[in-house]
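The values are calculated or read from the model by the stated rules, or taken from the named source; none is laboratory data. Since the structure is predicted, the reported quantities are computational estimates derived from the model, not experimental observations. Quick reminder, even Gly has a Cβ in these numbers, built from the backbone with ideal geometry, and neighbours come from all protein chains shown. Side chains are part of the model used for accessible areas, which takes the heavy atoms of the whole protein and leaves out ligands, DNA and RNA. Shrake-Rupley method; radii C 1.70, N 1.55, O 1.52, S 1.80 Å.
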Amino acid sequence: MNRIQQKLKEDKKLLSIYFSAGFPNLNDTVAIIKNLEKSGVDMIEIGLPFSDPLADGPTIQASSTQALKNGMTTEVLFNQLKDIRKTVSIPLIIMGYFNPILQYGVEAFCKKCKTIGIDGLIIPDLPIDVYNNEYKTIFETYGLINVFLITPQTSVERIKFIDSISNGFIYMVSSASVTGSSSGFGDAQINYFKRIADMTLKNPQIVGFGISNNETFTQATQYAKGAIIGSAFIKFLSNNTFNKIDEFSNSILN
Amino acid sequence: MTKNMNYNINNNGYYGEFGGAYIPEMLYPNVEELRQNYLKIMAEPSFKAEFDQLLKDYVGRPSPLYFAKRLSEKYTTKIYLKREDLNHTGAHKINNTIGQILMAQRLGKTRIIAETGAGQHGVATATVCALMGLECIVYMGEIDIARQAPNVARMKMLGAEVRPALSGSRTLKDATNEAIRDWINNPVNTHYIIGSVVGPHPYPDMVARFQAIVSEEIQWQLKDKEGTDKPDYVVACVGGGSNAAGAFYHYLNDTDVKLIAVEAAGKGIHSGQSAATSALGFEGIIHGSKTLLMQTNDGQITEPYSISAGLDYPGVGPMHAHLYKSGRAKFMSITDSEAMTAGLELSQLEGIIPAIESSHALAILNQKAFKTNDIVVINLSGRGDKDLQNYIDYFKL
């Protein structure tokens, strides 16, 4: 069983952390992953930086731009990660936009992920129908879970369809927004969390966008299996050293 | 090239292998709403009537098809200029913004966003928003705001808010990213008026259809003047490619008519400062569309360069990617200096100061020999008023 699927079976609320690979410094990737695992988070999303990240707000954009300036490429990231499974057992997901993956070659990319021990991919601009028609078998061949997003505007039929083709979790975007733009959840979002929870989908949901502290983590996970933090962690990394990562995780979980 | 090929969009939103809608889920409801409705709305008699009436009374259409006598004598061929430069706001851009504002109204949208590079599309969008009394926000790269001050002032005077794009390279590509992010953040009340035949399906097709009036008019105007509705060549410049899409549209599947798309070579195709996407780009995804784009081997989108801000885009619309790949259109490229020279030449031979974008199309007359009785229609997509400072600096006028 895939590490993500195993993790989802645990009887607890999950904290997943996103960071942009190559930020703040090119070679920080492995140290950040190790410290995150040690700090008690449940999953890690490694951001493959892109020049034009359409779904991301200013914080993640700026970290991607910096990572690219630092020299991050797909090949460099794979090299940094090549021995990661010797020391780290936490589920690892690569999150990136489709173009860099397309240029690497989708099959070559997936194959490399399997070799390294990556468990899943989140590719926000890979359309569901294109995935289904062209790439699903490749992902399955290499044991990768593809994670789809839903938003408050996603129709019930489409959510059901997404649920039917997912085999890990559903990334529930908390509000109609780019990353890092919300502060606290209002009634509309809570109602949306409830509405999705009531659908009793086969895949658990993990909430992303707008989670930045213990309060929002607790609110989101009242209705969902877990929550993802990106921008708040990147802001933290800009101002703190790695040995303080456990303080960050503790501030969310406790 | 296959004789019976169809160069229009297919039912899945692709031109050959190019196109599609590579968008995050957050944009799906908006784009899907548009996809499901655009053809239906465009076919409504009331829509057509209002669109036609505004093009006539407000834009000033039909734009003349002008036989350029002295230019024709110099190049010993028959050259017609399609005078999109005479449209209200000075370019073809208004054809599309009129169409899209009517579309937005019928979709019940109350807030309009747009991206702009040089400011021409921004001005055309601010204009139609003023006309219809809709809120208008135009994203423009911080660097472009500084170098296109007159158009920024025009947009403000028309009541639009101009928001600087501060990310990335702070030019057109980043303004487009910011507009897309705005749309993600405002999914219900907002319509995004994209300015070219780029972006996710159905935008490339919708914008091409609104610009198709250009070739529709060329057909009957040429029939009047030459007794045939078919020129031997249609020539247009391509940045994203909206004026070319309009000029080519009704000739796409008529291979008797040769199509020439002219890209900006900047300081030379291999100078590292160029926007000649067909020569320098390869297949990838930009702004939601699979097309040809300038990028690193690693898939990061690179910065184009041209003296002409309207051609300064790192991709081409998927229709053009298909026209290039299939060989249906011939792609040529023109450097800054060749374009500037052609702009000066048209000014002095015909008394028409062209936009630098359009000067690129004119400049192929020096690269390609046409036969004496060839009919060559060049789309004069915009007027040169906005470029005066550039011409002044370049020629030390």
ask   = How well do other chains shield peptide B:286-292, expressed as the mean number of their Cβ atoms within 10 Å of each residue Cβ?
value = 2
ask   = Per residue, how many Å² of accessible area does chain A show with a 1.4 Å probe?
value = 37 Å²
Zero-based 10 Å bins, Cα pair distances in region B:321-397, whole percents = 18, 46, 27, 9, 0
ask   = Under the Cβ-under-4.7 Å rule, which cysteines of chain B stay unpaired?
value = B:237
ask   = If the cut-off is a Cα-Cα distance under 21 Å, which lysines reach residue B:78, setting aside same-chain residues fewer than 8 apart in sequence?
value = B:69, B:223, B:225, B:230, B:258, B:330, B:368, B:371
key: Rounded to the nearest 10 Å², the accessible area of residue A:129 at probe 1.4 Å   = 90 Å²
key: For the protein assembly as shown, alpha-carbon Rg over 2.2 N^0.38 Å   = 1.00
query = Treating the beta-carbon of each Lys and Arg as +1 and of each Asp and Glu as -1, no other charges, what is the dipole magnitude of the protein assembly as shown about its Cα centre, to the nearest 20 debye?
reply = 440 debye
inquiry  = Loop-only trypsin sites (Lys or Arg not before Pro) in region B:239-321, please: DSSP not H, G, I, E or B, and at most 14 other Cβ atoms within 10 Å.
reply    = none
remark   = Here the whole-number average of other chain Cβ atoms within 10 Å per Cβ of A:123-130 is 5
key: Pairwise FRET efficiency - residue A:136 versus residue B:36, Cβ, R0 = 41 Å, nearest 0.05   = 0.95
message = Debye calculation, C-alpha points only, no solvent: report log10 I(q)/I(0) for region B:297-340 at q = 0.13, 0.15, 0.23, 0.24 Å⁻¹, in the same order as the q values.
response = -0.39, -0.52, -1.00, -1.02
Inter-chain Cβ neighbour average for residues B:167-177, partner chain, 10 Å = 3
inquiry  = To check my understanding: the extent here is largest minus smallest coordinate of the Cα atoms along each principal axis. What are those three numbers for chain A, in Å, largest first?
reply    = 43, 42, 33
Cβ-defined net charge surrounding residue B:374, 15 Å radius [Lys, Arg +1; Asp, Glu -1] = +4
task = Quick one: accessible surface of residue B:65, probe radius 1.4 Å, all protein chains present, in square angstrom to the nearest 10.
result = 10 Å²
remark   = hull vol. (C-alpha, convex hull) per residue for chain B, Å³ -> 129 Å³
request  = May I ask you to compute the full-extension gain from residue A:200 to residue A:38, defined as 0.36 nm times their residue separation minus their alpha-carbon distance, rounded to one decimal in nm?
outcome  = 55.1 nm
request  = Averaged over every viewing direction, what's the projected area of the C-alpha convex hull for region A:1-133? Give it in nm², one decimal, please.
outcome  = 8.4 nm²
task = Give B:173/B:267; A:82/A:160; A:136/A:160 a once-over and call out the pairs whose C-alpha atoms are over 26 Å from each other.
result = A:82/A:160
ask   = Where the only charges are on Cβ atoms (+1 Lys, Arg; -1 Asp, Glu), what is the dipole of chain A about its Cα centre, to the nearest 20 debye?
value = 500 debye
query = Tell me, Kirkwood radius of region B:1-54 from alpha-carbon pair distances, in Å?
reply = 13.7 Å
inquiry  = Kirkwood hydrodynamic radius, computed over distinct alpha-carbon pairs, for region B:1-150: how many Å, to one decimal?
reply    = 18.3 Å
ask   = Which percent, to the nearest 5, of DSSP beta bridges fully inside chain B are antiparallel?
value = 30 percent
inquiry  = Which one, B:353, B:36, B:241, projects farthest toward the positive side of the charge dipole computed for chain B from Cβ point charges (K/R +1, D/E -1)?
reply    = B:353
